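The values are calculated or read from the model by the stated rules, or taken from the named source; none is laboratory data. Just so it is clear, the model here is predicted, and its values are computed rather than measured. Glycine also receives a Cβ, built like all others from the backbone with ideal geometry; neighbour counts cover every protein chain displayed. Side chains included, ligands, DNA and RNA excluded: accessible areas come from the protein's heavy atoms. Shrake-Rupley method; radii C 1.70, N 1.55, O 1.52, S 1.80 Å.
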Amino acid sequence: MLERAHHLMRSSNPAMVSRTKKRLKPPNVVRVGSTRSCWTNFAEITDSLGRERVMMKDYFLAELGTTGSLDDKAQLVLKGRHTSASVENLLRKYITAYVMCGNCKSLDTVLEKNTVTRLMSLRCLACASTRTVAAVRSGFKIVKRGQRRKERAAAMT
């Protein structure tokens with residue numbers, strides 16, 4: 001009976017049974033001058049994960065608490081000194097939160113935004129499960145002294 005169940009699983013969904021591990025290259029972060037860092041293989045990693053570059057950029061800028069931009073070669077230029085190890089730890093955190101399926105641990109997923117509820121949902125292409133994920137917070141924003149005074153004055157009244 002168990003053999004029959006395995007046979008039915010293989011015949012109806014062969015992608016779920018025969019799974020190959022996806023290997024990602026580690027992030028390559030190099031220093032640019034004395035105050036900036038550049039993630040050189042950012043475009044390659046975003047393409048292999050199947051995510052938008054702008055969304056990943058916003059996530060990393062928010063988590064690192066810095067400013068940055070994408071240059072013409074689709075490399076992420078970050079303000080501050082950042083190491084490959086710290087970026088790799090954040091990449092793992094991003095993958096578990098926004099790429100990996102919670103049920104089958106597959107990386108073959110799609111992020112979809114529901115226009116009615118404005119929620120982001122992660123849909124797995126291997127097992128067809130869905131789960132909601134938190135929206136990416138906006139990046140680091142510098143608040144000047146005058147703006148802080150206005151916010152403080154508005155909070156006191």
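Against the conditions (1) within 30 Å of residue 33 (Cα to Cα); (2) modelled with pLDDT under 90; (3) in contact with a Gly (Cβ under 9 Å, 6 or more places away or on another chain); (4) surrounded by 12 or more Cβ atoms within 10 Å (Cβ to Cβ), residue 63 satisfies every one except (3). If you check residue 54 against the conditions, is it in contact (Cβ under 8 Å) with a residue 40 or more places away in the chain, under 22 Å from residue 137 (Cα atoms) and out of contact with any helix residue (DSSP H, G or I) (no Cβ under 6 Å at 6 or more places or on another chain)? No, not satisfied. Here the condition is being in contact with a His (Cβ under 7 Å, 6 or more places away or on another chain) and within 29 Å of residue 23 (Cβ to Cβ); of 90, 64, it holds for 64 alone. Residues satisfying the criterion are absent from region 26-49 (criterion: within 27 Å of residue 134 (Cα to Cα), open to solvent by less than 80 Å² (accessible area, probe 1.4 Å) and at pLDDT below 90). Being farther than 27 Å from residue 28 by Cα, free of Cβ contacts under 8 Å to residues at least 24 places away in the same chain and loosely packed, with under 12 Cβ neighbours inside 10 Å is a condition met by at least one residue of region 123-142.
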